[in-house]
Amino acid sequence: MATKYEVVVVIVPFPAQGHLNQLLHFSSLISSYKNIQVHYVGTKIHTRQAKIRAHGLLNPNSSNNIIHFHEFSTPSFPSPPPNPNSNIKFPSHLQPSFESSYHLRSPVASLLRSLSSISRRVVVVHDSLMAYVVQDFTSLPNVESYNFHSVSAFTIFLFLWESMGKPFPIEAEILDNLPSLQGCFTSEFMDFMASQRKYSKYDSGNIYNTSRVIEGKFMNLLEKEPIKRNKTQWAIGPFNPVKIISNNNLSIGQYQRHKCLSWLDKQSPKSIIFISFGTTTSLKDEQIKELCIGLEKSGIKFIWALRDADKGDIFSGELRKIELPKGYEERIIVQNKGIIVRDWAPQLEILGHLSIGAFMSHCGWNSCAESLSLGVPIIAWPMHSDQPRNSILITKFLKVGINILHNWERSINEVVKSNIIEHVIVTLMLNNIEGNEIRRRAAELGAAIRRSVVEGGVTRKELESFIAHITR
């Protein structure tokens, strides 16, 4: 039977926003190639979540960018609210949602069988935490699978190197003051990660949302045996768009510009700090108060995406409104010192705006990749997971940010005081030698990353290599 598409790519993301978003952008990249059909697979809740938060960056009307979305039903699961006062900041309340992903195995296997029967080749790209779900690809002769790592090459290399018993020596500088994994994960999530690894041995290669411009040194380490395990490694990020339309009043597709962008239009270039701690962190009330004081004392204008951590089902129930000190929000608005965004903030468009001078971030890799590609320096404030080690990559090796925490292990349960917050903001944003150097390096790295993704660039060549491989 003749088919329209010779090669079909099936994308299977992990059900957490940073993972959903990275692979949605990757889907968009792949779908821009002719004669490759792309399918994006998830639960009803999480596929809907990914689409609704894309904020128009994927144009559903573009004939060159068609993605087929699959919204599979899974058993309902209890979704406890996030606990800002938990001993560790890892989102343990999402664990039932993570484990519900196991139920995707059967519908994904059915989809692969169906696509296999009408395609020359089916290519599965699965999040490293979804290896269990795609395991049945091995029973189909024309299906192959690739493992996507949602974290930095630096972080995944260290994780693999340590778990393999440090199979070869590395530079002492890499290990100097390296944060441990203490407080990064719950034991339940560590077990979940371990349960996935045995199903990855049949993958044909590994994909990273990074560039050799950013992490060439650590990609080289990942390509050493026994880390490599004889599998090809592709660094084809950043997946996110690196040219953002933000300073105009046009809508993208059916998307209307967020109101916060109009406020940014009125501000001076590089004068605003953007604050966002991602979708899996809930700050203690005491920490929010200290942050408010530190921001105000710094005198720097800001835009703050202030939301509670995601629940397992973001569409169910009310979102807890985080309270600020009495009169604070009204005062900063009247004085034109900043704005608070309590709905979903269009992070890429904010970071791509000319008025943004720095990003105070939890250092989730999705946020890091976006900020780096747009040349925005980072105030690194890690909370859990891969974030402490990502912050070291940003501040120590790339030198494009400042770490607000001097010692991860001592800082896990501490409230960061307003004077420290104020000092770090002022250091980065005002004209001094240290801040100027960080901003300069961030701008230079951003320009290098943007050059790498266009025709002839190192990342574009690597993407073309992957496309040539799967269409061989």
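With Cα atoms as the point set, region 358-472 shows a radius of gyration and Dmax of 16.6, 58 Å. Only protein atoms count toward the accessible area here, which uses a 1.4 Å probe; on the chain, the carbon and sulfur part of that area reaches 52 percent.
With R₀ set to 25 Å, the beta-carbon distance separating Ala447 from Asp265 gives a calculated FRET efficiency near 0.60. Expressed as a rounded percentage, what relative contact order does region 85-212 have, with Cα pairs under 8 Å and six or more residues apart? Reported relative contact order: 34 percent.
Taking Cα pairs under 8 Å and at least six residues apart, what relative contact order does the chain come out at, in percent? Don't skip to the answer; put the middle values down first.
Numbers: 856 pairs, mean separation 79.7, N = 472.
Relative contact order, the chain: 17 percent.
The calculated Kirkwood hydrodynamic radius for the chain is 22.9 Å, given to one decimal from all distinct C-alpha pairs.
Within the assembled protein chains, the solvent-accessible surface assigned to His126 is about 0 Å², based on a 1.4 Å probe. The base-10 log of I(q)/I(0) for region 33-153, evaluated at q = 0.18 Å⁻¹, reads -1.14 [Debye formula, identical scatterers on Cα atoms, solvent excluded].
Bridging of Lys311 to lysines at a Cα separation below 21 Å is possible for Lys44, Lys51, Lys89, Lys284, Lys321, once same-chain residues fewer than 8 apart are set aside.
In the complete set of protein chains, residue-level accessible area for Lys89 is approximately 70 Å², probe 1.4 angstrom.
As a rough guide to protection, the peptides 128-135, 142-149, 31-38 ranked by mean Cβ packing within 10 Å, highest first, stand as 128-135, 142-149, 31-38. Taking the Cβ-Cβ separation of Arg342 and Ala194 as r and a Förster radius of 35 Å, what is the calculated FRET efficiency to the nearest 0.05? Computed FRET efficiency for Arg342 and Ala194 comes out at 0.40.
When Ser117, Ser152, Ser316 are compared by accessible area at a 1.4 angstrom probe, the order from most to least is Ser117, Ser316, Ser152. Taking a temperature of 20 °C and a viscosity of 1.002 mPa s, what whole-number D in µm²/s does Stokes-Einstein yield for region 278-346 with Rh from Kirkwood over alpha carbon pairs? Translational D for this selection: 163 µm²/s.
Each Lys and Arg contributes +1 and each Asp and Glu -1, all at the Cβ; summed about the Cα centre of region 94-191, the dipole is approximately 620 debye.
From helices alone, the chain scores -11000 deg cm²/dmol at 222 nm; the rule is -39500 (n - 2.57) for each run of n ≥ 4 DSSP H residues, then divide by the residue total. Share of pairwise Cα-Cα distances greater than 23 Å in region 278-395 is 33 percent (whole percent).
The values are calculated or read from the model by the stated rules, or taken from the named source; none is laboratory data. Just so it is clear, the model here is predicted, and its values are computed rather than measured. Virtual Cβ from ideal backbone geometry, glycine too; neighbours counted across all protein chains shown. Remember, those area values only see protein heavy atoms, side chains included, never the ligands or the DNA or RNA. Shrake-Rupley method; radii C 1.70, N 1.55, O 1.52, S 1.80 Å.
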